[in-house]
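**Student:** Got a structure for you, questions after.
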Amino acid sequence: MSVTPVASSDTTEAAEAAVEAITGAAGQEVTFSLELSQDQKDIRDWVHGFAADVIRPAAHEWDEREETPWPIIQEAAKIGLYGFEGLAQFFADPTGLSLPIVNEELFWGDAGIGMSIMGTALAVAAIFGQGSGEQIGEWIPRCFGTQDDIKVAAFCASEPNAGSDVSGVRTVAKFDEAANEWVINGQKAWATNGGISDVHVVIASVDRELGSKGHAAFVVPMSEAKGISQGSKVSKHGLRASHTADVFLDDCRVPAGYVLGGKEKLDERIARVREGKKNKSQAAMQTFEASRPTVGSQALGVARAAYEYALEYAKEREQFGRKIIENQAIAFTLARMKMEIDAARLLVWRASWMGRNQVPFENAEGSMSKLKSGEVAVWVTERAIQILGGNGYTREFPVERWHRDAKIYDIFEGTAEIQQLVIARAISGMYIK
């Protein structure tokens with residue numbers, strides 16, 4: 001292939017045109033930017049201050065106690081960080097970035113306490129995403145309570161034999177026509193805030209023959225419903241300041257209107273499925289798909305905490321007459337830690353923007369963000385322990401707690417293996433098993 005030389009005059013004209021185009025574009029409105037707005041920066045700094053001043057000093061104590069830090073949740077409520085208005089403000093950001101920013105900062109403070117503050121949001125997301133306007137107005141404020149009477153909420157989907165396999169749910173809801181009530185029976189497992197919540201959002205099957213397409217979400221208020229009780233509280237490896245427990249439903253009765261979206265819409269949806277018509281995602285997966293980027297941002301907060309601590313430690317710790325960061329092995333590890341955190345954050349922000357602006361996750365971008373962030377959190381916290389050496393393995397230093405907290409992000413709301421399966425199905429268009 002031959003290349004025709006360009007005359008010098010033509011080259012000059014082309015260069016001048018390029019310069020003119022570049023300088024002209026400088027005055028145009030920018031449609032793409034990674035710069036946070038001033039409001040987003042203010043929110044980030046506000047939450048970071050709370051995490052540094054209130055959460056971090058209490059993190060070790062509540063991790064050891066393995067109890068819900070009610071006083072800290074109340075402090076968060078006093079400043080508007082915990083509550084319907086605050087969460088609505090974060091959700092309202094048209095870029096979708098405020099919520100992951102808030103989560104990253106909270107979980108930078110401590111993941112267990114952060115989950116105690118943000119765990120309610122999963123139930124809220126289910127009500128907001130699937131509930132009617134009336135249900136949203138009634139139940140979401142009750143998830144939080146008031147500053148004087150703090151409440152939390154629980155999303156109950158997993159079961160002893162139905163974790164990653166959501167279609168394996170055995171909890172059943174049957175409608176009692178005579179009483180105009182739903183009767184729910186089953187056991188839920190690993191429920192954040194399970195049993196200590198006023199509002200429980202419970203995933204149950206209304207038609208077992210339809211598998212996951214026969215699921216529905218029900219609001220079960222602890223203060224009103226009979227037949228709901230807390231089972232065993234789980235003693236966990238990490239996130240120990242966050243309450244996790246089984247929830248039992250034994251002939252638990254709730255009014256007909258407590259199914260999210262309303263009974264009439266549920267009946268219509270089930271009828272369409274029985275006729276073989278296409279339908280939207282089933283109840284549990286709708287909630288998980290929306291929350292995965294936020295969960296990824298939580299993992300980022302844990303990873304960033306460990307990286308920053310290890311960096312400062314390496315700059316101060318001396319061995320063999322010099323700072324350990326002067327060793328390439330340490331310096332290069334820290335460089336990769338920073339790079340991996342930043343790369344994961346970009347995936348989280350992309351998925352958060354897409355979700356907020358209703359851009360379809362055609363390549364499972366939500367799962368990508370959660371998968372990458374979870375893997376980064378585990379790897380970064382492990383490297384932080386290595387950099388601290390023996391100190392990193394003791395409870396006198398926080399990196400071992402961060403390492404314990406990080407591991408759950410490879411597991412809950414879809415294991416790493418499930419996320420890869422979701423991504424593989426999305427990119428191939430095939431039902432890979």
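The values are calculated or read from the model by the stated rules, or taken from the named source; none is laboratory data. Since the structure is predicted, the reported quantities are computational estimates derived from the model, not experimental observations. All Cβ positions, even for glycine, are placed from backbone atoms using ideal geometry, and neighbour counts span all protein chains on display.
**Student:** Please verify whether residue 104 is in a helix (DSSP H, G or I), charged (D, E, K, R), assigned by TED's automatic domain parsing to the domain that holds residue 48 and within 16 Å of the chain's Cα centre (by Cα), treating the condition exactly as stated. Talk me through it step by step, then tell me what you get.
**Tutor:** Values: in a helix (DSSP H, G or I): yes; charged (D, E, K, R): yes; assigned by TED's automatic domain parsing to the domain that holds residue 48: yes; within 16 Å of the chain's Cα centre (by Cα): yes.
So residue 104 passes the test.
**Student:** To continue, here is another question. Test residue 352 against the stated conditions and say whether it is at pLDDT below 95 and either buried (at least 24 other Cβ atoms within 10 Å of the Cβ) or polar (S, T, N, Q) (or both).
**Tutor:** On the way: at pLDDT below 95: no; either buried (at least 24 other Cβ atoms within 10 Å of the Cβ) or polar (S, T, N, Q) (or both): yes.
Against the criterion (at pLDDT below 95 and either buried (at least 24 other Cβ atoms within 10 Å of the Cβ) or polar (S, T, N, Q) (or both)), residue 352 does not qualify.
**Student:** Can you name the number of the only condition in (1) part of a helix (DSSP H, G or I); (2) over 21 Å from residue 144 (Cα atoms); (3) modelled with pLDDT of 95 or more that residue 73 fails?
**Tutor:** Of everything listed in (1) part of a helix (DSSP H, G or I); (2) over 21 Å from residue 144 (Cα atoms); (3) modelled with pLDDT of 95 or more, residue 73 misses just condition (2).
**Student:** Looking at (1) closer than 16 Å to residue 355 by Cβ; (2) out of contact with any helix residue (DSSP H, G or I) (no Cβ under 7 Å at 6 or more places or on another chain), find the lone condition where residue 94 falls short.
**Tutor:** (2)
**Student:** Sticking with this structure for a sec: Being closer than 24 Å to residue 195 by Cα and either basic (Lys, Arg) or not assigned by TED's automatic domain parsing to the domain that holds residue 140 (or both) is the filter here; which residues of the stretch 35-77 pass it?
**Tutor:** 65
**Student:** Of the residues 305, 314, only one is under 26 Å from the mean Cα position of the chain (by Cα), of a type in the set (A, V, I, L, M) and either loosely packed, with under 15 Cβ neighbours inside 10 Å or at pLDDT 95 or above (or both); which?
**Tutor:** Details: 314 fails: under 26 Å from the mean Cα position of the chain (by Cα).
Exactly one residue qualifies, and that residue is 305.
**Student:** Would you pick out the residues in the stretch 76-100 that are surrounded by 18 or more Cβ atoms within 10 Å (Cβ to Cβ) and assigned to a loop (DSSP other than H, G, I, E, B)?
**Tutor:** Those that are surrounded by 18 or more Cβ atoms within 10 Å (Cβ to Cβ) and assigned to a loop (DSSP other than H, G, I, E, B): 81, 82, 83, 93, 96, 97.
**Student:** Across the stretch 129-169, which residue is farthest from residue 245 (Cα to Cα) among those that are among the hydroxyl-bearing types (Ser, Thr, Tyr) and assigned to a loop (DSSP other than H, G, I, E, B)? Spell out how you get there, then give the answer.
**Tutor:** Pass one, the stretch 129-169, residues among the hydroxyl-bearing types (Ser, Thr, Tyr): 132, 146, 158, 164, 167.
Now narrow it down to the ones that are assigned to a loop (DSSP other than H, G, I, E, B): 132, 146, 158, 164.
Working: 132: 28, 146: 24, 158: 11, 164: 18 Å.
Once the filter is applied, the top-ranked residue is 132.
**Student:** Condition first: free of Cβ contacts under 8 Å to residues at least 12 places away in the same chain and part of a helix (DSSP H, G or I). Now tell me which residues in the stretch 393-420 satisfy that.
**Tutor:** Selection gives 393 alone.
**Student:** Answer yes or no as to whether residue 87 is under 21 Å from residue 369 (Cβ atoms) and either in contact with a Gly (Cβ under 8 Å, 6 or more places away or on another chain) or of a type in the set (Ser, Thr, Tyr) (or both). Before you say what the answer is, go through the steps one by one.
**Tutor:** On the way: under 21 Å from residue 369 (Cβ atoms): yes; either in contact with a Gly (Cβ under 8 Å, 6 or more places away or on another chain) or of a type in the set (Ser, Thr, Tyr) (or both): no.
The answer is no for residue 87.
**Student:** Can you pull out every residue in the stretch 201-260 that is in contact with a Cys (Cβ under 7 Å, 6 or more places away or on another chain) and within 19 Å of residue 117 (Cα to Cα)?
**Tutor:** 201
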